[in-house]
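The values are calculated or read from the model by the stated rules, or taken from the named source; none is laboratory data. Here the structure is a predicted model, which means the values were calculated and not measured. In this analysis, Cβ positions are derived from the backbone assuming ideal geometry, glycine residues included, and neighbour counts consider all displayed protein chains. Side chains are part of the model used for accessible areas, which takes the heavy atoms of the whole protein and leaves out ligands, DNA and RNA. Shrake-Rupley method; radii C 1.70, N 1.55, O 1.52, S 1.80 Å.
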Amino acid sequence: MQIRVGYELIYECPRPTPMLLTLNIHFSRASDVVVADHIITNPPRPISAYRDGFGNWCSRIVAPPGQIRISTDALVKDSGLPDEVHPYLAQHAVEDLPADTLVYLLGSRYCETDRLSETAWSLFGQTPPGWPRVQAICDFVHGHITFGYEHARATKTALEAFQERTGVCRDFTHLGIAFCRAMNIPARYCTGYLGDIGIPITGPMDFSAWFEAYLGGHWYTFDPRNNVPRIGRVLIAQGRDAADVPISHTFGPNELKSFKVWADEVVGQPRG
């Protein structure tokens with residue numbers, strides 16, 4: 001199958017404003033890109049690209065005074081298969097974990113493992129280690145937090161989401177990550193496109209957040225917000241939490257005037 005993905009972001013800046021953008025499809029999906037997701041700005045601005053410390057493709061621009069439109073419209077091949085489920089995968093002992101996974105055991109800006117460790121062990125200490133433990137965490141988070149865009153707050157942490165019991169997909173993800181790390185399971189934050197393919201339309205489209213846990217020698221997708229295998233995830237970036245992978249980081253005052261995202265199945269393309 002093929003998925004049309006893209007966005008249109010309109011910012012207004014009172015003066016020239018440097019911006020860092022994390023908006024390109026992740027390099028791991030490079031071979032699936034049919035029509036490239038080149039960033040287009042209106043008015044046109046020079047764009048320079050770089051790879052951040054997590055391997056994500058990022059871009060730098062200087063927005064002019066006034067409004068700037070940042071957009072793309074791309075086409076991606078996809079297997080059409082839902083997220084993998086492997087309920088018998090084992091959890092690694094910490095001393096056996098690869099060195100590059102260890103950073104995903106540590107606390108981070110939005111995932112306070114130290115403050116949630118006691119709660120995590122009381123909730124999940126008796127669950128079978130490995131995949132069943134991560135799924136138990138997702139089941140708990142899915143049932144514990146009520147979703148609603150009115151509950152969104154850029155500064156909300158995993159602990160605050162746990163206490164307030166409300167949030168958006170990033171809050172579900174941060175709490176799932178924090179609990180996994182507290183249980184000695186490496187977990188990393190993911191952001192990308194996730195449309196309503198294979199399910200009833202659920203509301204306005206946005207960039208989505210989920211996490212990956214390291215089990216059985218590989219990283220696997222978990223999504224405590226939806227908590228069912230989904231079709232058509234298109235990864236943009238990975239990091240410790242949302243602080244590592246914001247869609248934009250602006251160095252000066254600005255206002256986001258308009259925000260549109262799409263991820264639609266191309267009708268007539270076979271799945272699988």
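What the table below lists for this structure:
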read-out	value
Relative frequency of Cα-Cα separations exceeding 16 Å in the stretch 166-229, percent	47
Spacing of the two label points (7 Å from each Cα toward its C-beta) at E95 and D264, in nm	5.6
Per residue accessible area in Å² of the stretch 32-188, where ligands, DNA and RNA are left out and the probe is 1.4 Å	49
Proximal charge balance of V35 [Cβ under 14 Å; K/R count +1, D/E count -1]	-2
Where Rh is the Kirkwood radius over Cα pairs, Rg/Rh for the chain	0.97
Simple spin-label estimate for H144 and A36 in nanometres, 7 Å along Cα-Cβ	4.4
Pairwise centroid distance, computed over Cα atoms, of the stretch 11-76 with the stretch 240-258, Å	12
Two-site FRET efficiency, T250 against Q126, from Cβ-Cβ distance with R₀ of 41 Å, rounded to 0.05	0.35
FRET efficiency estimate (nearest 0.05) - Cβ-Cβ, A243 to R165, R0 25 angstrom	0.65
Sulfur and carbon atoms: percent of accessible area, the stretch 68-131 [1.4 Å]	55
Gaussian network model of the chain, springs between alpha carbon atoms under 10 Å - residue of W262, W210, W219 with greatest fluctuation	W219
Order by protection proxy (mean Cβ within 10 Å, highest first), peptides 122-131, 167-176	167-176, 122-131
Counted charge near A158, where neighbours are those whose Cβ lies closer than 9 Å (Asp, Glu -1; Lys, Arg +1)	-2
Reach of K77 by Cα under 17 Å, taken over aspartates and glutamates that are not fewer than 8 positions away in the same chain	D32, D37, D196, D264, E265
Reduced Cα scattering model of the stretch 217-272, Debye log10 I(q)/I(0), q = 0.14, 0.17, 0.20, 0.29 Å⁻¹	-0.69, -0.94, -1.13, -1.36
Calculated [θ] (222 nm, deg cm²/dmol) that DSSP helices of n ≥ 4 give over the chain, each run adding -39,500 (n - 2.57)	-5500 deg cm²/dmol
Formal net charge of residues neighbouring Y189 (Cβ-Cβ distance under 9 Å; K, R +1; D, E -1)	0
Accessible area of the stretch 146-270 belonging to carbon and sulfur atoms, whole % at 1.4 Å probe	52
DSSP-assigned coil residues among chymotrypsin sites (Phe, Trp or Tyr not before Pro) in the stretch 10-115, each with at most 10 further Cβ atoms within 10 Å	Y88
Estimated distance in nm for a label pair at Q67 and D114, the labels positioned 7 Å out from Cα along Cα-to-Cβ	4.6
Model label zone, E84; criterion: amide N under 13 Å from point 7 Å along Cα-to-beta-carbon; scope the stretch 31-63	none
Apportionment of accessible area to carbon and sulfur, the stretch 4-59, percent (1.4 Å)	59
